[in-house]
Every structure is written in structure tokens, then in C-alpha cells.
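First comes the structure, then the notes that go with it.
Bear in mind that the values in this text are calculations on the coordinates, not laboratory data. Keep in mind the model is a prediction, meaning the values are calculated, not measured. A quick note on method: Cβ atoms are made from the backbone with ideal geometry, for glycine too, and the neighbour counts reach across all protein chains shown.
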Amino acid sequence: MPQRSHIHPETLLAKAGCQPDSDLGGATPPVHMASTFERSEDGTYESGYVYGRLANPTRDRLEDTLARLEGAASARVFATGMAAANALLQTLHAGDHVILGDDLYFGVRNLVHGMAGRGLLTYSEVDTSCADTDSGAESAAVQAIRAALVPATKLVWIETPSNPLLRITDIAAVAACCQEHGAALVVDGTWTTPLLQRPLELGADVVLHSVTKYLSGHSDVLGGALVFRTDNELTHAVHAIQQSAGAILDPFSCWLTLRGLRSLPARMRVQTESAGILADWLSDDPRVSAVHYPGLAHHPGHAVAARQMTGFGAMLSIRTGRSGDETLARVGRARVFTRATSLGGTESLIEHRRSVEGEGSRTPADLIRLSIGLEHVDDLREDLDRILA
Ligand SMILES: *Cc1c(COP(=O)(O)O)cnc(C)c1O
């Protein structure tokens, strides 16, 4: 696997997965669909490939690209983001303990709760978010994590910005605390991508991506990835689970993701810029009771976000201060935004998050989550004006 790359991500990604094909020298990679590979007469495997579940050439190209992009030791891709999360949780032993940030993708929270219900692990939920500046004093968030850490704690799992409240966690501070304790820090990097935030360089051990979102970027792939800072026991355990449990990303989805990755820097730049413009505009609007976006100077995590992110991202949530039904009815007026869950595509999405999450949701009933796409920002603003009217 190629080692750390110091070239700029734009340059790396412009030719993502495009190292010349040994057969014909095609400028873009082929899709290797073979499920199995022929052995030589002497019983060896000339190409090194044996069977598609174990390894596949197109998947290797994607995993190499993601590892280089994140400055990681290795990356593994899975059928979905949740399959990646599940593979990581499968490495735990009975009785192991996990600390979860208390504002987290609801699917991960439900998966952990389900496993705990079957006696497979225990967990604590902690508010890891900060309102911290560079004061030097240990933040309340780190104190809370320290208090929750027990000898059985193996993983600390955070999202920053978190979903759907866009709270910010100080990755470096939490990583230092985890390192002291010997627990692995997992950062869900789906919302930021390696372009806006680099958790491994801040001391995290694993980054999880829902490839479904920005990395593939066109709302036509389901996929997930785990990216590792070093090669260690956890890395090997995840690799073994990927190969044996088989929740792998299929070759065509790997190929589509490589295709999407080539435009990731350009997409992120435009989408982040538009989100910032809309967040500023919305924060002055009396019809909105709150705007959750870390790029706003009054956001409680703004200082930390400015330190650890190179852009504030293209996701934001707004609050209407009205009932759930009234909020849902407002979402129904959208004409430019697509009314759908998910995020990270070229098209802007709007959703009433609480009714998507369903039973057990902790999301406020008046919250609308926005994923900003590539449309002209004025058209998006006009649509939001209609929604809020
Ligand atoms: C979508 C999402 C996931 C789950 O990924 P899937 O590809 O839908 O399985 C996990 N974390 C975050 C932050 C997400 O947005």
C-alpha cells in the first residue's frame, strides 16, 4: 500500500485510482468485476488476487486513494457507512465499554444500544462538545470523558460537527485523553471529509466515513470506509472482519466513488461557500429561532472549529421555533431543495430530521436539516425564503 502522500489533495484526487492499467494503459481505471481469479499450473496466484470477497483490484484502488488522502496507514471500504461502523464494533469483546458522544448519527447510536441490549457491550453517552477557547484549562467535555472512562473502555466515538445539532468537539484534547487511557478514538468524518478536517493528524485512531455522502458525492452510491492512523491489532481485526463477514463495497460502487472523488475538492469548495452565505443570511432572519453552523462567530464551538477545520462544511440546521407539524409543512414548500434524507450530493437536500429518525429521536421537533449542494446560492436563498414565509 502506498505510504503517506504529501501532494495536495486536489492533485491526488484529480487522478484518483487512475494509475495506468497494466493491460491497455487506459486513462481511467477499469471495473474488475471478477468474483474469482485463476490459479497458475503450479498452484500460485500470479496477480495476488484469489477471491473477490478477500480483495479486488478496483477496491484496492479506492482503499489506497482514501488512505493517501487521509495520510493514513490503511483504509477499508464497506457496503455502507453502517457496515463500516458495525465492523468496528465487531472487534469488541463481550463486556467491553464504549463512550459515545451524545449527539451522534442516530443509526450508530441505535446499533450500539441494540448490541448493549443483547449483552455484547456496555456504553456511556457523554456531551463531548465544547465552548472552549485556548484557555489551557481542561474543558468540561474532557473532564466528562475522563469521568466516563473505565478499564473496559475500548472505543470513544465522536462526531464533530455533530449530527444534527452541529456541536463541536475538540479532537486533539479528546485524543490526548484517550491515548492516556489506551482507548481508541473514532471520529466520524462523514460531514467534513479529509479536506476540511484531518482527525488522524490530531491524534484520532480511526476515521469513519459514510462514502454514500460527500466522497461519492452524487447520491448514487451506498458505501462506508474506515481509515486507520497506524497498523495495529484493531486494524488487523477490522481487516479480518471485512474479509470474513463480507460486507464489502462492490467493484462498481468503488469505481463510481473514485469517479466522484476526482471532483471532491471543487464540490466541497462551492458547497461550503454557499452554506456559509446561507448561514449568515439565516442568522439575521427573525423567522428562524436558531441557526446551527460552526462558521458563525456566535456558535459556542466556533473557536475550536476555526482551529481544527479548514472550512466549516456544507451542512447546517435551523430551528423554526414552531411545532413539528408546522415545521414539516414548511419543508413541504421546498421547490429547489429536494425533500429527502441523506447529504453530500450535488443537489441540496432538506429534511425534517425528527420525523426521519422516528421513534426514540432526540432531535428537536422544530429542527430542519439542510445539505447545501451546487445550485446557485440565490436560488437556494429564494427557496428558503418561500419555506420560512
Ligand atoms: C449517513 C451517515 C452514516 C451512515 O452511513 P450509511 O452509508 O447510510 O450507512 C454514518 N454517519 C454519518 C455522520 C452519516 O451522515
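Test A85 against the stated conditions and say whether it is surrounded by fewer than 20 Cβ atoms within 10 Å (Cβ to Cβ), within 22 Å of T190 (Cα to Cα) and aliphatic (A, V, I, L, M). No, not satisfied. Within segment 111-120, being away from the ligand (no atom under 11 Å from the Cβ) and surrounded by fewer than 18 Cβ atoms within 10 Å (Cβ to Cβ) holds for H113, G114, A116, G117, R118, G119, L120. Selection of segment 75-106 for residues being of a type outside the set (A, V, I, L, M), near the ligand (Cβ under 9 Å from one of its atoms) and assigned to a loop (DSSP other than H, G, I, E, B) yields T80, Y105.
Does any residue of segment 56-65 turn out to be in a strand (DSSP E or B), more than 16 Å from the ligand (Cβ to nearest atom) and not acidic (D, E)? Checked segment 56-65: no residue is in a strand (DSSP E or B), more than 16 Å from the ligand (Cβ to nearest atom) and not acidic (D, E). Residues of segment 257-275 that are touching a His at 6+ places or on another chain (Cβ under 9 Å) and crowded, with 22+ Cβ neighbours inside 10 Å: G260 alone. Test A141 against the criterion of being farther than 25 Å from A305 by Cβ and more than 11 Å from the ligand (Cβ to nearest atom), and give yes or no. No: the conditions fail for A141.
Matching residues to (1) over 27 Å from the mean Cα position of the chain (by Cα); (2) touching a residue at least 60 places away in the same chain (Cβ under 8 Å); (3) buried (at least 18 other Cβ atoms within 10 Å of the Cβ):
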residue: F37; (1), (2), (3): yes, no, yes
residue: D42; (1), (2), (3): yes, no, no
residue: R59; (1), (2), (3): no, yes, yes
residue: L62; (1), (2), (3): no, yes, yes
